[in-house]
Amino acid sequence: MTAAPRRLRKAVLPVAGLGTRVLPGTKTTPKELLNVVDRPILSYIVEEAREAGIEHIVFVTGRAKQAIEDYFDHQIELEAQLEAKGKTDILQMMNAELAEAGEMSFTRQMQPKGLGHAVWCARDIVGHEPFAVILPDVIVDSQPGALKQLADVYAEVGGNVIGVEQVPETETHKYGIIDPDGDASGARIRMKGMVEKPPRGEAPSTLSISGRYILQPEIFEILATQERGAGGEIQLTDGMARLMRDQTFTAVKYDGVTHDCGDKIGLLRANVALALKRPDLGDAARAAIRDLL
Ligand code: UTP
């Protein structure tokens, strides 16, 4: 009898990038704390992780990112003022997303050498157990959350599980693209390879790796020796492609809409899409957008 997959408890959130695509906003504010409607991108991401059963979040941070650590802690003066003004709704909302004591760890990448390197920096805190990676500038609007959808598949099949979505053929050179092993029409796809930013016309499919992963800890040993790849960065995709020689990888086409908030238009689109869906703001947002158009 095969053993059940080991329980998924930890998630790595790499937040050490420079966010150059949304400068100058990210000069002093971490990209991950930019607002989408009325809360930071990271607030959506941490909610998604907790919904998937994650008990410990490891942030891989860099310089000028201290505000991330503070965001999940008490702000005693502000809380006292809100209390005094009777603004209990917002106070409750803020308290609900605070970290539990010991729930979050922070480690430094020192230099943004690429996503693979950022994940490797979490090796000692994660230890020898499976873990999730969530790109904290990608919001997936879905019910249940994208990581929960992956975690449900992982509980059945084990191994490594990666979230993917369909992209136009003309766009494949911008993403990590998977190479399906046989039929790719279903929601779960066996993989036989993957490639980061394939040259135009050479992509093995139109399924892009979109920022949600469940990985086995052996990836750390591989990342330790991973050389620089596309864009001169140590790529997680290259490390995963090596791990695939020994372990299974399943791609999951999760149900949901992906917003890349690390890009100006993606961030704008996320704001519009999520404001339109909000019961308390949707009508006003629609009226404002109509007015502008
Ligand atoms: P991106 O490439 O989207 O982020 O990486 P970036 O480098 O900040 O953005 P641009 O291209 O300069 O605008 C996806 C996620 O991985 C993190 C980023 O913080 C981002 O959340 N990352 C990336 C790291 O933590 N370290 C790195 O070396 C690279």
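The values are calculated or read from the model by the stated rules, or taken from the named source; none is laboratory data. As the structure is a prediction and not an experimental result, all values here were calculated from the model. Reconstructed Cβ throughout: ideal geometry from the backbone, glycine too, with neighbour counts over all protein chains shown. Just the protein is used for accessible areas: all its heavy atoms, side chains included, with ligands, DNA and RNA removed. Shrake-Rupley method; radii C 1.70, N 1.55, O 1.52, S 1.80 Å.
A few remarks follow.
- Entries in Lys65/Lys148; Lys10/Lys85; Lys31/Lys253; Lys31/Lys174 that, when Cα-Cα distance is taken, lie over 29 Å: Lys10/Lys85
- Extending 7 Å from the Cα toward the beta-carbon at both Asp255 and Asp283 defines two label points whose distance is 2.9 nm.
- Exposure rank, largest accessible area first [Ile265, Ile162; 1.4 Å]: Ile265, Ile162
- In this structure the chain gives 51 Å² per residue of accessible area when probed at 1.4 Å with all protein chains present.
- Accessible-area composition of the chain, carbon plus sulfur, in percent [1.4 Å probe]: 51 percent
- DSSP-defined beta bridges in the chain - what % are antiparallel, rounded to 5: 55 percent
- Ranked by solvent-accessible area (1.4 Å probe, protein heavy atoms only, all chains present), the residues Thr61, Thr248, Thr28 order from largest to smallest as Thr28, Thr248, Thr61.
- The Rg/Rh ratio for segment 58-153 is 1.03, where Rg is the radius of gyration of the alpha carbons and Rh is the Kirkwood radius.
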